[in-house]
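K.L.:
Below is the structure I would like to discuss, written out as structure tokens.
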């Protein structure tokens, strides 16, 4: 299969089953003969197409006599990856993108549609710089929706919380390729030594913006094959997740509960900070994810993690008041992860968000019972959603005997955020180039 054929197949399967990052990873895993360059090309085609899907479909719709929703899935997805190349991949000549699309359509048995595909793409290529888009002044929702590929409901939802300029900056940032960052296993190695070792192995590594204990990486396609990874010197983790554990501030010899722990990154970092002393109970509802946590802890040389297959919606009586600190990184709409998982934005509705906010409250109501008197609960999500974030903070304070904690000392001084003394922070993707995240900290009275 050619790179474009694989990319079209991944997009088609994702539209059928969801979870584009999982489908991409599985598909690349099956095609082991692909070179690093081929894998990078396929990844860009898939993720780039998903990041810009509404804009791409808008363009196809203006030049096609057949409506987008009436096209055969394969034909539509071949057109989509081709338009992405025409719009954003300067290194791909338009003739190559168009010819490869026609060959792929022919190969898949649609010879009668080769002329249609050829005509649509050539017409788009000729007019690529003359396409009329909605006006930012007259139709701000339509403009943001089409130009940055978000459903209009999500744009309207964000505009309830943020200004137009803030939403615009957020949309632009989410079109960028995400940075790869890692938490340094300080039980085994220092930041400086890990950077040196990774550079010796041919990777690009540097200190991260959020401070000590995190590094940024590039040239990472074979990272899990590196000696540094196999020796357990780091685990992949976003800077915003790192900040979440810093705000939790676990200490050696404490008992920590990570309620929704998979794949385990926050539990691992907590164990580093605790100097591998005490206990971290890491729970998740999926047995296969418990195995991931256990294997990760073993690779990293952590022996204080106890992984349990248990639901955050079920109360465990014997754990009443048993933990110094509880982390609730709750299931959420994931609107902070759109750099990494661009297909998420097409699968979330406002009703989904309301239902998730209620689920988060159920988990919080149970989890707060596990905290000792004077202990700490941290609530976090990987989304930018006032119903799931600020509204849940207000509900929690009104419902339970907790007070907010000033988190100013845990956040880099160059970050300008007015809510730190109120106990929470909205981490936008443009704050330090990481995921969008929300963290709130409470102390039990």
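K.L.:
Would you confirm whether any residue within the stretch 27-40 is closer than 21 Å to residue 334 by Cα and outside the structural domain of residue 333 (by TED's automatic domain parsing)?
P.N.:
Keep residues of the stretch 27-40 that are closer than 21 Å to residue 334 by Cα, which gives none.
Checked against the condition, which is being closer than 21 Å to residue 334 by Cα and outside the structural domain of residue 333 (by TED's automatic domain parsing), the stretch 27-40 yields no hits at all.
K.L.:
Hey, another quick one. Return the total of residues in the stretch 128-153 being surrounded by 13 or more Cβ atoms within 10 Å (Cβ to Cβ) and touching a helix residue (DSSP H, G or I) at 6+ places or on another chain (Cβ under 8 Å). Write out each step before concluding.
P.N.:
Here is the first cut: in the stretch 128-153, the ones surrounded by 13 or more Cβ atoms within 10 Å (Cβ to Cβ) are 128, 131, 133-134, 136, 139-153.
So of that shortlist, the ones also touching a helix residue (DSSP H, G or I) at 6+ places or on another chain (Cβ under 8 Å) come out as 128, 131, 133-134, 136, 140-142, 144-153.
Looking only at that region, the number is 18.
K.L.:
Can you name every residue in the stretch 50-81 that is assigned to a helix (DSSP H, G or I), more than 14 Å from residue 12 (Cα to Cα) and in contact (Cβ under 8 Å) with a residue 40 or more places away in the chain?
P.N.:
Those that are assigned to a helix (DSSP H, G or I), more than 14 Å from residue 12 (Cα to Cα) and in contact (Cβ under 8 Å) with a residue 40 or more places away in the chain: 51, 54, 55, 56, 58, 59, 60, 62, 63.
K.L.:
Now a separate question. So is residue 391 in the same structural domain as residue 433 (by TED's automatic domain parsing), at pLDDT 95 or above and in contact with a strand residue (DSSP E or B) (Cβ under 7 Å, 6 or more places away or on another chain) or not?
P.N.:
Values: in the same structural domain as residue 433 (by TED's automatic domain parsing): yes; at pLDDT 95 or above: yes; in contact with a strand residue (DSSP E or B) (Cβ under 7 Å, 6 or more places away or on another chain): no.
It is false that residue 391 is in the same structural domain as residue 433 (by TED's automatic domain parsing), at pLDDT 95 or above and in contact with a strand residue (DSSP E or B) (Cβ under 7 Å, 6 or more places away or on another chain).
K.L.:
In addition: Mind listing just one residue for me: the one in the stretch 274-298 that is crowded, with 16+ Cβ neighbours inside 10 Å and touching a residue at least 40 places away in the same chain (Cβ under 8 Å) and, of those, nearest to residue 376 (Cα to Cα)?
P.N.:
281
K.L.:
Could you check the stretch 292-405 for strands (runs of 3 or more DSSP E) lying wholly inside it with 1 or more residues that are closer than 30 Å to residue 170 by Cβ?
P.N.:
Values: elements: 305-309, 323-329, 371-381, 402-404.
Counting at least 1 such residues, we get 323-329, 371-381, 402-404.
K.L.:
Here are the criteria: (1) more than 17 Å from residue 58 (Cβ to Cβ); (2) surrounded by 13 or more Cβ atoms within 10 Å (Cβ to Cβ). Tell me which single one residue 79 does not satisfy.
P.N.:
(1)
K.L.:
For the stretch 419-427, indicate whether the set of residues that are farther than 22 Å from residue 241 by Cα, more than 25 Å from the chain's Cα centre (by Cα) and outside any strand (DSSP E or B) is non-empty. Give the derivation first.
P.N.:
Here is the first cut: in the stretch 419-427, the residues farther than 22 Å from residue 241 by Cα are none.
No - not one qualifying residue is present in the stretch 419-427.
K.L.:
From the set of residues in the stretch 406-418 that are surrounded by 15 or more Cβ atoms within 10 Å (Cβ to Cβ) and part of a loop (DSSP other than H, G, I, E, B), which is modelled with the highest pLDDT? Break it down stepwise before answering.
P.N.:
Of the residues in the stretch 406-418, the ones surrounded by 15 or more Cβ atoms within 10 Å (Cβ to Cβ) are 407, 410-411, 415, 417.
Within this subset, residues satisfying the condition of being part of a loop (DSSP other than H, G, I, E, B) are 407, 411, 415, 417.
On the way: 407: 97, 411: 90, 415: 83, 417: 89.
If we take residues in the stretch 406-418 being surrounded by 15 or more Cβ atoms within 10 Å (Cβ to Cβ) and part of a loop (DSSP other than H, G, I, E, B), then 407 is modelled with the highest pLDDT.
K.L.:
For the stretch 413-427, which positions are touching a residue at least 12 places away in the same chain (Cβ under 8 Å) and touching a strand residue (DSSP E or B) at 6+ places or on another chain (Cβ under 9 Å)?
P.N.:
We begin by selecting, within the stretch 413-427, every residue touching a residue at least 12 places away in the same chain (Cβ under 8 Å); these are 415, 420-427.
The answer is 415, 421, 422, 423, 424, 425, 426, 427.
K.L.:
Residues 28, 45, 24: which one is without any contact (Cβ under 8 Å) to a residue 40 or more places away in the chain, buried (at least 21 other Cβ atoms within 10 Å of the Cβ) and either part of a helix (DSSP H, G or I) or under 28 Å from the mean Cα position of the chain (by Cα) (or both)?
P.N.:
Numbers: 28 fails: buried (at least 21 other Cβ atoms within 10 Å of the Cβ); 45 fails: without any contact (Cβ under 8 Å) to a residue 40 or more places away in the chain.
Checking each option against the conditions leaves just 24.
K.L.:
In addition: Filter the stretch 335-351 down to the residues that are closer than 28 Å to residue 404 by Cβ and either surrounded by fewer than 16 Cβ atoms within 10 Å (Cβ to Cβ) or not assigned by TED's automatic domain parsing to the domain that holds residue 435 (or both) and list them by number.
P.N.:
Within the stretch 335-351, 350 is the sole residue that qualifies.
The values are calculated or read from the model by the stated rules, or taken from the named source; none is laboratory data. A quick note: this is a predicted structure, and the numbers were derived from the prediction, not measured. Because the Cβ atoms are built from the backbone with ideal geometry, glycine has one as well, and the counts that use them run over all protein chains shown.
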